[in-house]
Amino acid sequence: MKDVVALVTGGSRGIGRGIALALLAEGATVHVTGRTRFEADANVPERTGSLEGLEHEAAELSGRLFVHRCDHGRDADTERVAEEIRAGAKLDILVNNAWPGYENMVEDGHFTWPQPFWEQPDWRWDAMIGTALRGAFMMSRAVAPLMISARRGLIVNISFWAAQLYEGNAIYGVAKAAADKMAADFAHELSPHNVAAAALYPGLVRTEAVLRNADYFDMSNSESPQFIGHVISGLWRDPKLMSKTGRVLVAAELAREYGIADVGGYRPIPLTAADFVRD
């Protein structure tokens, strides 16, 4: 991966951070966008969840990290980052991971996430549709010409089973379904240029938020955030990458195909739609 240049949006924490660290560990040049500055938190290890912390960890890895302060709710920020990427004249992989909308799940003492759609706060729609999806579209649009001119590239939209099944929040389901459709239509238009696009589904990922609430989850089949990055690396190296363009891909399933294990050698079991069917 030493000659690979990647851009991971929303990389200061969670899955985005793990993807960036995995690609850096494999020697790639990684650009990361994020908003989060370091803030002390008794529940979070020092430096975790900030761009500063990511820079600290990246210093020990073989790849090169470039950090871009960016709020994808502002098109000007997205375009500024894209312009900086274009100045380097190369981008192989774009991971659209930035996903606001999880903030403030508790408002005025009420856990609003599982409320029916008619009781959902307006801001959650704006965050997931107006910011997350628009940001993914705007960044993809801005950097696709680099991939087209090189006649090789990969756009990955981080998505989830909520795109296909009810997962407790209607807005979340609509947004993830749109992320899948966006990847499929991007793939249709990019295929003649030998550029791939796909939606990628993680399993339960041990993000900072999940670990803080580990008592509420079955962690037995969980995945590290870095696992997703190694899977994306495997996808990029796949000589049959174009046969997977336009599809919904399950990270653990790809890992089995590519012989990729998670931290400690564990091989996560791929989830299917049946795993989310409730009685």
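The values are calculated or read from the model by the stated rules, or taken from the named source; none is laboratory data. On a predicted model such as this, the values are computed, not experimentally measured, just so you know. With ideal geometry, Cβ positions are generated from the backbone for all residues, glycine too; neighbour counts draw on all protein chains shown. When the accessible area is computed, the model is the full protein with side chains, heavy atoms only, and any ligands, DNA or RNA have been set aside. Shrake-Rupley method; radii C 1.70, N 1.55, O 1.52, S 1.80 Å.
Quick one: how many residues across segment 238-253 are open to solvent by 10 Å² or more (accessible area, probe 1.4 Å) and touching a residue at least 24 places away in the same chain (Cβ under 8 Å)?
We begin by selecting, within segment 238-253, every residue open to solvent by 10 Å² or more (accessible area, probe 1.4 Å); these are 238-248, 250, 253.
The next check asks that each one be touching a residue at least 24 places away in the same chain (Cβ under 8 Å); those that pass are 241-242, 244-248, 250.
Matching residues across segment 238-253 total 8.
Give the residue that is nearest to Glu167 (Cα to Cα), with candidates limited to residues of segment 84-103 that are open to solvent by 50 Å² or more (accessible area, probe 1.4 Å) and in contact (Cβ under 8 Å) with a residue 12 or more places away in the chain.
Quick first cut of segment 84-103, residues open to solvent by 50 Å² or more (accessible area, probe 1.4 Å) only: 84, 86-90, 102-103.
Next, from what is left, pick out any that are in contact (Cβ under 8 Å) with a residue 12 or more places away in the chain: 84, 86, 88-90, 102-103.
Details: Glu84: 37, Arg86: 38, Gly88: 40, Ala89: 40, Lys90: 38, Tyr102: 14, Glu103: 17 Å.
This residue is Tyr102.
Check Ala179, Ala197, Ala187 and return the single one that is within 28 Å of Ala150 (Cβ to Cβ), modelled with pLDDT of 95 or more, in contact with a Ser or Thr (Cβ under 7 Å, 6 or more places away or on another chain) and in a strand (DSSP E or B). Full working, then the answer.
Values: Ala179 fails: in a strand (DSSP E or B); Ala187 fails: in a strand (DSSP E or B).
Testing whether each residue is within 28 Å of Ala150 (Cβ to Cβ), modelled with pLDDT of 95 or more, in contact with a Ser or Thr (Cβ under 7 Å, 6 or more places away or on another chain) and in a strand (DSSP E or B) leaves just Ala197.
When Arg80, Arg86, Arg74 are screened for being touching a Cys at 6+ places or on another chain (Cβ under 8 Å), more than 18 Å from Ala197 (Cβ to Cβ) and of a type outside the set (A, V, I, L, M), only Arg80 passes. Looking only at residues of segment 117-154 that are β-branched (Val, Ile, Thr) and either in a loop (DSSP other than H, G, I, E, B) or under 17 Å from Asp75 (Cβ atoms) (or both), we find that the one that is least open to solvent (accessible area, probe 1.4 Å) is Val143. Among residues of segment 20-32 that are free of Cβ contacts under 8 Å to residues at least 60 places away in the same chain and under 15 Å from Arg237 (Cα atoms), those with a Cβ under 9 angstrom from a residue that is of a type in the set (A, V, I, L, M, F, W, C) and open to solvent by 10 Å² or more (accessible area, probe 1.4 Å), sequence gap 6+ or separate chain, pair up as Gly27/Met1; Gly27/Val4; Gly27/Leu61.
Quickly run through segment 45-70 and pick out the residues that are part of a loop (DSSP other than H, G, I, E, B) and either at pLDDT below 90 or open to solvent by less than 40 Å² (accessible area, probe 1.4 Å) (or both). Across segment 45-70, the qualifying residues are Pro45, Glu46, Arg47, Thr48, Gly49, Ser50, Gly63, Cys70. Annotation: Asn194 fulfils all but one of (1) on the phi > 0 side of the Ramachandran plot; (2) buried (at least 16 other Cβ atoms within 10 Å of the Cβ); the unmet one is (2). Checking Ala199, Ala209 one by one, the residue that is touching a residue at least 12 places away in the same chain (Cβ under 8 Å) and out of contact with any strand residue (DSSP E or B) (no Cβ under 8 Å at 6 or more places or on another chain) is Ala209 and no other. So in segment 207-221, with the set limited to residues that are farther than 17 Å from Arg13 by Cα and in a loop (DSSP other than H, G, I, E, B), which one is least open to solvent (accessible area, probe 1.4 Å)? Taking the candidates together, the pick is Phe217. Is it the case that Phe227 is open to solvent by less than 20 Å² (accessible area, probe 1.4 Å) and either of a type in the set (A, V, I, L, M, F, W, C) or without any contact (Cβ under 8 Å) to a residue 24 or more places away in the chain (or both)? So Phe227 fits the description; yes. Which of (1) buried (at least 23 other Cβ atoms within 10 Å of the Cβ); (2) under 17 Å from Leu94 (Cβ atoms); (3) among the small types (Gly, Ala, Ser) does Ala175 not meet, given it meets every other one? The one condition Ala175 does not meet is (2).
Do we have any residue at all in segment 106-116 that's assigned to a strand (DSSP E or B), charged (D, E, K, R) and closer than 20 Å to Asn169 by Cβ? It would help to see each step written out before you state the result.
Here is the first cut: in segment 106-116, the ones assigned to a strand (DSSP E or B) are 106-107, 110-111.
From the residues that got through so far, the ones that are charged (D, E, K, R) too are 107.
From the residues that got through so far, the ones that are closer than 20 Å to Asn169 by Cβ too are 107.
The answer is yes; a qualifying residue exists.
Of all residues in segment 153-171, those that are closer than 19 Å to Val277 by Cβ have Cβ atoms under 7 Å from Cβ atoms of residues that are hydroxyl-bearing (Ser, Thr, Tyr) and open to solvent by 20 Å² or more (accessible area, probe 1.4 Å), 6 or more apart or on another chain, in Ala162/Tyr172.
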